[in-house]
Amino acid sequence: MTEQHCAYVFDAETTGKHQPVIIETALLPMLIVEGYPLPAAMQAEVHRWNPGKPIEAGAWATHFIEDADVANERPSTEFALPTHNHYLIGHNVDYDWDVAGKPKNVCRICTFAISKTLWPEMESHKQLAVLYTLNPGMAKQLGRYTHSAGADVLMCAEILRHAAIKVGGWDSWEAVWKFSEQARVPKVMLFGKHKGEPLGNLPQSYVHWALKNLADMDEYLRQALEEVARARDAGV
């Protein structure tokens with residue numbers, strides 16, 4: 001399996017906020033062609049799944065999938081990402097990766113973080129809003145199917161293509177992943193009394209306190225704070 005065939009845009013619709021279970025999935029294989037990520041298929045592979053529990057009203061109001069729509073589908077427990085998959089792409093990819101069972105054989109590429117880095121001036125970085133700014137025609141066409149997994153992966157793929165145009169292209173999925181990883185590291189504090197302050201301006205005592213006491217901190221914020229602490233401890 002070559003690197004060109006080991007990346008997928010993935011999206012999942014779920015039962016809701018409380019212990020979410022997958023009810024619909026979409027996988028879109030991707031290729032890098034002359035530096036630009038492009039879909040390797042005209043349509044995504046879309047499946048529905050029986051979650052074995054009721055769909056919450058709030059979730060239904062988002063994707064309009066009812067209990068009866070999935071009652072005769074295969075159990076969600078049978079879903080698994082391709083075993084050869086190395087790169088998983090999504091807008092807020094961590095959510096979809098989480099409900100897919102947090103597979104360890106993937107590197108996550110987040111178009112939400114990438115879009116915030118490349119287009120900080122955008123009013124909103126929600127997927128449809130980003131797509132509308134970059135490709136209004138496609139956004140209008142797919143917008144009526146927002147929160148359908150099949151439409152969402154096509155939107156995400158188009159955002160990634162525009163990101164590649166913005167940076168002049170990527171020569172490998174490894175390069176895309178590394179760009180995403182850098183984009184995911186916050187530059188300002190995300191919560192608390194120092195919310196919005198540049199991380200480099202935080203008091204050293206607070207940095208050490210946060211690293212010691214906030215066990216459930218986002219992994220990328222932790223990484224950034226650890227870098228701040230190391231630099232100051234080294235006198236940089």
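Among the residues of region 60-75 satisfying the criterion of being among the small types (Gly, Ala, Ser) and either at pLDDT below 95 or not in a helix (DSSP H, G or I) (or both), which is farthest from HIS91 (Cα to Cα)? Step through it out loud before you land on a result.
Filtering region 60-75 for residues among the small types (Gly, Ala, Ser) gives 61, 68, 71.
Going one step further and asking which of them are either at pLDDT below 95 or not in a helix (DSSP H, G or I) (or both), we end up with 61, 71.
Numbers: ALA61: 20, ALA71: 28 Å.
Checking each candidate, the answer is ALA71.
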**OP:** Report the residue count in region 27-53 for those that are assigned to a loop (DSSP other than H, G, I, E, B) and open to solvent by less than 50 Å² (accessible area, probe 1.4 Å).
**Re:** 5
Original post:
Of (1) surrounded by 20 or more Cβ atoms within 10 Å (Cβ to Cβ); (2) at pLDDT below 95, THR146 satisfies all except one. Which?
Top reply: (1)
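Which residue out of PRO20, PRO39 is more than 24 Å from ALA164 (Cα to Cα) and in contact (Cβ under 8 Å) with a residue 60 or more places away in the chain? I'd like the intermediate steps shown before the answer.
On the way: PRO39 fails: more than 24 Å from ALA164 (Cα to Cα).
Criteria check complete, one pass: PRO20.
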Subject >> Count - residues of region 208-236 that are farther than 20 Å from ASP94 by Cα, surrounded by 10 or more Cβ atoms within 10 Å (Cβ to Cβ) and among the polar types (S, T, N, Q) >> reply: 0
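Please work out which residue is most open to solvent (accessible area, probe 1.4 Å), limiting yourself to region 193-207 and to residues that are assigned to a loop (DSSP other than H, G, I, E, B) and touching a residue at least 12 places away in the same chain (Cβ under 8 Å).
As a first pass, look at region 193-207 and keep what is assigned to a loop (DSSP other than H, G, I, E, B): 193-197, 202-203.
Adding the requirement that they be touching a residue at least 12 places away in the same chain (Cβ under 8 Å) leaves 194, 202.
Details: HIS194: 25, LEU202: 3 Å².
So, considering only residues that are assigned to a loop (DSSP other than H, G, I, E, B) and touching a residue at least 12 places away in the same chain (Cβ under 8 Å), the one most open to solvent (accessible area, probe 1.4 Å) is HIS194.
Does SER115 satisfy being buried (at least 18 other Cβ atoms within 10 Å of the Cβ), of a type in the set (Gly, Ala, Ser) and free of Cβ contacts under 8 Å to residues at least 60 places away in the same chain?
Numbers: buried (at least 18 other Cβ atoms within 10 Å of the Cβ): yes; of a type in the set (Gly, Ala, Ser): yes; free of Cβ contacts under 8 Å to residues at least 60 places away in the same chain: yes.
Spelling it out, SER115 is indeed buried (at least 18 other Cβ atoms within 10 Å of the Cβ), of a type in the set (Gly, Ala, Ser) and free of Cβ contacts under 8 Å to residues at least 60 places away in the same chain.
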Original post:
Which numbered condition trips up ALA175, out of (1) closer than 30 Å to PHE64 by Cβ; (2) part of a helix (DSSP H, G or I)?
Top reply: (1)
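The values are calculated or read from the model by the stated rules, or taken from the named source; none is laboratory data. Values in this document were obtained by computation on a predicted structure and should not be read as measured data. Don't worry about glycine lacking a Cβ; one is built from the backbone with ideal geometry, like all the others, and counts go over all protein chains shown. Surface accessibility is based on the protein's heavy atoms, side chains included, excluding ligands, DNA and RNA. Shrake-Rupley method; radii C 1.70, N 1.55, O 1.52, S 1.80 Å.
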